[in-house]
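First up is the structure itself, then whatever we jot down about it.
No lab work stands behind these numbers, since they all come straight from the coordinates. This is a predicted model, so every value here is computed, not measured. All Cβ positions, even for glycine, are placed from backbone atoms using ideal geometry, and neighbour counts span all protein chains on display.
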Amino acid sequence: TEEKSADKVWEQPWGEFKKIRDHHNELIVHLQETAGEKRLVDIIFRVFDDGLGFRYHFPKQPNLDKVKISNEITQFTFPFDNDVWSIPVHRDNSYYESTYKKSPMSKTDTINTPATFETKDKLFVAIHEAALTDFASMTLLKSKGNQYKSDLVPWRDGVKVYAQTPFNTPWRTIIVGTKPGDLVTSTLMLNLNEPSKIEDTSWIEPSKYIGIWWGMHLETFTWGQGPKHGATTANTKRYIDFAAEHGLDGVLVEGWNVGWDGDWTADGKALSFTQPYPDFDLDEITKYATQKNVRLIGHHETAGAAKHYESQMEEAFKLYNSKGVNAVKTGYVNKYLDKKEWHDGQYGVRHYRKVVETAAKYKIMIDNHEPVKGTGLQRTYPNLMTQEGARGQEYNAWSNDGGNTPEYMNTLLFTRMLAGPLDYTPGNFGFDYKLPQGAKVQTTLAAQLALYVVLFSPLQMASDLPENYVGKPEFKFIKEVPCIWADTKPLDSKIGGYNTIARKDWNSENWYLGAITNEEARDMKVALSFLDKGTTYTAEIYADGPGADYKTNPYPVAMSTQTVNSTTVMNLKLASGGGAAVKFTPVKK
Ligand code: NOJ
C-alpha cells in the first residue's frame with residue numbers, strides 16, 4: 001500500500017463556488033494475482049470529509065495488454081433496506097428523462113446514478129461516479145439483500161469496455177451527509193476530475209439566452225421549412241432585438257440548417273451542420289447580432305447520427321467560430337447513437353468527449369442535450385457548460401403524462417443536479433397554451449423565477465416566447481439573476497417536498513434566494529443568517545400573490561421590498577406548486 005494526502009484550494013472559471021478545497025487522504029492498494037498470470041491491479045481510494053471515491057487502475061504489465069471488460073463486480077452494500085430517490089434504467093429512454101421516485105431499495109430494479117438514499121439511520125447518501133472517461137457508464141443493478149452491483153452499459157456486441165493497459169476506471173463515488181443540502185455542497189466529484197486542459201478560459205462566458213425554441217414545442221413554429229418555419233432571418237432579428245433590449249446575451253435558433261424537413265429523427269444523415277436553409281441568412285444574422293452586442297447560439301441536432309456529425313463537426317465549429325458564435329447546443333434525439341449503440345455506453349462517452357474537445361479548439365462552449373450523465377468533466381473542459389439529461393421544461397408542452405410535477409421539481413436539486421449543471425430551461429410566464437397532449441407547466445410564475453436560483457446552469461435560458469415577457473414586471477428578476485455563483489448555501493429542504501437555497505453572485509456582493517414547494521402550500525420562515533454579517537440589504541421579493549395556485553391560477557406574483565440583515569427571519573408564503581425568489585442588494589452606506 002501507499003498513503004498520501006492533499007489539502008489544496010483551486011479556483012474555478014465558473015461554478016457554484018469560486019474556490020474549492022481538495023482535502024483528502026489517499027490509499028493505493030497494489031494487488032497481484034497469487035497464481036497463474038500474476039496480473040496486477042491497484043485500487044485507489046480518496047477519502048474526503050464528506051465521502052469518498054475509489055477507482056481501479058490497471059498498470060502496464062506483461063500479461064495484460066488489450067482487454068475486453070465483460071463485467072464489473074463493485075458492490076455497494078447498506079445495512080438497511082433504505083429509501084432511494086432514483087430513475088430506472090429502461091432502455092427506451094436512455095437519456096435520463098424520467099421522474100425521480102422514492103422507493104425502498106428492495107423495490108427497485110436497475111437504477112441510474114446519481115442515486116440518492118435516505119437511510120434508516122438518518123443519513124443522506126449519494127452514489128455516482130466521477131471522471132467518466134473512455135469507459136462505459138455505471139448503472140446500479142439491485143442484487144441480493146441491501147445491495148447494488150455495478151452494471152456497466154454495454155456495447156451492441158455485449159462487451160462492456162474495450163481498453164488497453166495502462167488504464168483507469170472512473171471513480172465510484174459516495175457522498176454522505178446528515179441533511180440533503182450536504183449532497184449539494186459536496187465538491188468531491190469535481191475534485192476527482194483532472195484540472196483544466198484549457199489554459200486560456202477568457203473566451204468561456206457564462207450567459208443567459210432566449211431562443212426560437214418554445215414555439216416549436218408549442219407547435220406555433222416548425223423546425224423544418226414551411227409557412228411556420230421558426231428560424232427565419234426576420235424572426236431571428238426580432239429575437240435579437242428583444243435580447244438586446246433586455247440585456248440577454250444570446251439567441252438560440254433551432255431548425256436553421258438543412259435536414260429538418262419531414263421526420264428528422266428517422267435518419268440524421270440528412271442534417272447539414274454548415275448549410276443554412278434559404279430563409280436563414282447566417283451571415284446577415286450574425287452581423288446583426290454583433291452590432292447589437294448579442295450572440296447567436298448555434299444548434300447541432302444530430303438525431304443520434306454521431307459519426308455523420310463527427311464527419312462535419314470540425315467544419316461546423318470553424319464556421320460558427322468565424323461568425324462570432326461561441327456556444328452551441330447539441331442534441332441526440334434517438335434511442336440509439338448511429339442506430340446501434342447506447343448514449344451512455346463507451347461509444348457515447350467517446351463521442352461526447354470528442355465533441356467537447358473539438359469545440360474547445362474552436363473556442364466554443366457546449367450545451368449538450370440527450371447526453372451521457374455528467375461526472376464533473378467541466379473541471380477538465382470548462383467549455384462543457386451545461387447538459388440536459390433530465391425531463392426539462394419541454395415535457396410541459398408535449399408530454400402525455402401532464403408534464404413535470406411539483407414533486408419532481410423538488411427532487412432535482414438532490415438528484416440530477418449532483419451530476420452537474422442542468423439546462424432545464426426555466427422561465428415560463430405564459431400558462432394558457434393548449435396542446436392535444438394536455439401537458440402544462442405545473443408551477444406558479446413565482447416558482448419559475450425561483451428555479452434560476454435552485455437549478456444551476458452557467459448557460460441559463462429564459463425559455464418562454466419574448467411576447468410573454470413584454471410588460472411583465474417579474475421579468476426584471478430574470479434579467480438580473482446571475483447564472484454563476486461565488487458561494488452556495490442550501491437551507492432547510494425536504495427532497496420532493498420543498499427546496500430552499502441561497503447563492504451569492506459571482507460578480508457582486510448580492511445574494512439570491514430561491515424557494516419552491518410541491519403541491520403543498522407552505523408558510524416558510526427563512527433565517528437569513530447566510531447574509532454577510534454587519535451588512536444591511538434591500539430584499540426584492542417575488543412571492544406567490546393572492547390566489548396563486550399552480551393548478552388554477554399560476555400568475556399572481558406579490559412583489560415587495562424589505563430591509564434585512566443576517567439576523568432577519570423572512571416569512572415567505574408559498575402557494576401550492578409555488579415558490580419565491582429574492583434578490584438581496586447591500587445598502588450603500
Ligand atoms: C430535444 C431537446 O431537448 C430540445 O431542447 C430540442 O428542441 C429538440 N431536441 C430538437 O433538437
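Please report the net charge: other residues with Cβ closer than 14 Å to the Cβ of LEU491, K and R +1, D and E -1.
On the way: positive: LYS179, LYS489, LYS494, ARG503, LYS504, ARG522, LYS525; negative: ASP182, ASP487, ASP492.
Within the 14 Å Cβ shell, the charges total +4.
Shape analysis of the stretch 484-533 yields a ratio of the Cα radius of gyration to the Kirkwood radius, Rg/Rh, of 1.01.
Kirkwood-type hydrodynamic radius, the stretch 415-525: 15.1 Å, calculated from all non-identical alpha-carbon pairs. Here the Kirkwood formula puts the hydrodynamic radius of the stretch 333-470 at 16.2 Å, using every distinct Cα pair.
Taken over the stretch 241-315, the alpha-carbon convex hull comes to 102 cubic angstrom per residue.
Cut-off is 10 Å between beta-carbons; in what order do SER508, SER272, SER207 appear when sorted fewest neighbours first? Write out the running numbers ahead of the final one.
Numbers: SER508 11, SER272 15, SER207 20.
Fewest-to-most Cβ neighbours within 10 Å comes out as SER508, SER272, SER207.
Paramagnetic label reach from ALA234 (point 7 Å along Cα→Cβ; backbone nitrogen cut-off under 18 Å): within the stretch 449-474, residues 466-467.
In the stretch 495-549, what trypsin sites (Lys or Arg not before Pro) fall in a loop by DSSP, with at most 13 other Cβ atoms inside 10 Å? Don't skip to the end; give the middle numbers.
Details: sites: ARG503, LYS504, ARG522, LYS525, LYS533; in loops: LYS533.
Hits after loop and neighbour filter: LYS533.
May I ask you to derive the FRET efficiency for GLU3 and THR201 from their Cβ-Cβ distance with R0 = 41 Å, giving the value to the nearest 0.05?
Values: r = 34 Å, r/R0 = 0.82.
After rounding to 0.05, the efficiency reads 0.75.
Considering only ASN82, TYR162, ALA131, and ranking their Cα positions along the charge dipole of the chain that arises from unit charges at the beta-carbon of Lys, Arg, Asp and Glu, the one farthest toward the positive end is ASN82.
Which of rounded, prolate, oblate describes the stretch 53-211, given a ≥ b ≥ c as roots of the alpha-carbon gyration tensor eigenvalues and a/c under 1.5 marking rounded, otherwise prolate only if a/b is larger than b/c?
Working: a/c = 1.56, a/b = 1.09, b/c = 1.42.
Oblate is the answer for the stretch 53-211, as a/c is 1.5 or above yet b/c matches or exceeds a/b.
Exposure proxy check: THR108, THR77, THR444 ranked by fewest other beta carbons within 10 Å?
Values: THR108 17, THR77 11, THR444 32.
Least crowded to most crowded, the residues run THR77, THR108, THR444.
Could you list log10 I(q)/I(0) for the stretch 1-127 at q = 0.17, 0.21 Å⁻¹, which the Debye formula gives when each Cα is one point scatterer? Each listed q corresponds, in turn, to -1.16, -1.18.
Around THR274, under 13 Å between beta carbons, what's the net of Lys plus Arg minus Asp minus Glu among the other residues? Net of charged neighbours comes to -1.
Cα centroid separation, the stretch 527-561 to the stretch 269-325: 40 Å.
Using a ≥ b ≥ c from the Cα gyration tensor of the stretch 223-381 (square roots of the eigenvalues), is it rounded, prolate or oblate, where a/c under 1.5 gives rounded and otherwise the larger of a/b and b/c decides, a/b for prolate?
Details: a/c = 2.06, a/b = 1.36, b/c = 1.51.
Because a/c hits 1.5 or more and a/b fails to exceed b/c, the stretch 223-381 counts as oblate.
Under a model in which nothing but the beta-carbon of Lys, Arg (+1) and Asp, Glu (-1) is charged, the stretch 207-269 shows a dipole of about 120 debye around its Cα centre. Pairs exceeding a 21 Å alpha-carbon distance, out of LYS208/LYS472; LYS60/LYS354; LYS144/LYS373; LYS197/LYS489: LYS60/LYS354; LYS144/LYS373; LYS197/LYS489.
Contact order for the chain, expressed relative to its length and based on alpha carbon pairs under 8 Å spaced 6+ residues apart, stands at 12 percent. For the stretch 202-289, the alpha-carbon coordinates run over 37, 30, 22 Å along the three principal axes, in decreasing order.
Can you check how the C-alpha radius of gyration of the stretch 284-333 compares to 2.2 N^0.38 Å, as a plain ratio? Intermediate results must be reported in sequence, preceding the final value.
Values: Rg = 12.1 Å, N = 50, 2.2 N^0.38 = 9.7 Å.
For the stretch 284-333, the normalised Cα radius of gyration is 1.25.
Quick one, can you get me the convex hull of the C-alpha atoms of the stretch 432-589 expressed as volume per residue in Å³?
Given the Cα convex hull of the stretch 432-589, per-residue volume reads 121 Å³.
From least to most packed, judged by other beta carbons within 10 angstrom and beginning with the fewest, ILE285, ILE174, ILE73 follow the order ILE73, ILE174, ILE285.
Stick to Cα atoms and the Kirkwood definition of Rh, then tell me Rg/Rh for the stretch 64-132.
On the way: Rg = 14.4 Å, Rh = 13.8 Å.
Answer for the stretch 64-132: 1.04.
Given +1 at the Cβ of Lys and Arg, -1 at the Cβ of Asp and Glu and no other charges, the dipole of the chain around its Cα centre is 620 debye to the nearest 20.
Based on the alpha-carbon gyration tensor of the stretch 124-172 and its eigenvalue square roots a ≥ b ≥ c, which shape applies: rounded if a/c is under 1.5, prolate if not and a/b is larger than b/c, or oblate? Judged from the Cα gyration tensor, the stretch 124-172 comes out oblate (a/c at least 1.5, b/c at or above a/b). Kirkwood hydrodynamic radius computed over the stretch 401-471 comes to 13.1 Å, based on all pairs of distinct alpha carbons. Shown here: the chain, whose C-alpha atoms stretch 77, 60, 46 Å along the first, second and third principal axes, sorted largest to smallest.
Looking at the chain, which longest stretch skips every one of the GluC sites (Glu not before Pro) that is in a DSSP loop with at most 12 other Cβ atoms within 10 Å, leaving the sites themselves out? Walk me through the numbers on the way to the answer.
Working: sites that count: GLU33, GLU37, GLU199.
The longest such stretch corresponds to 200-589.
The share of C-alpha pairs in the stretch 1-59 whose separation exceeds 14 Å stands at 65 percent.
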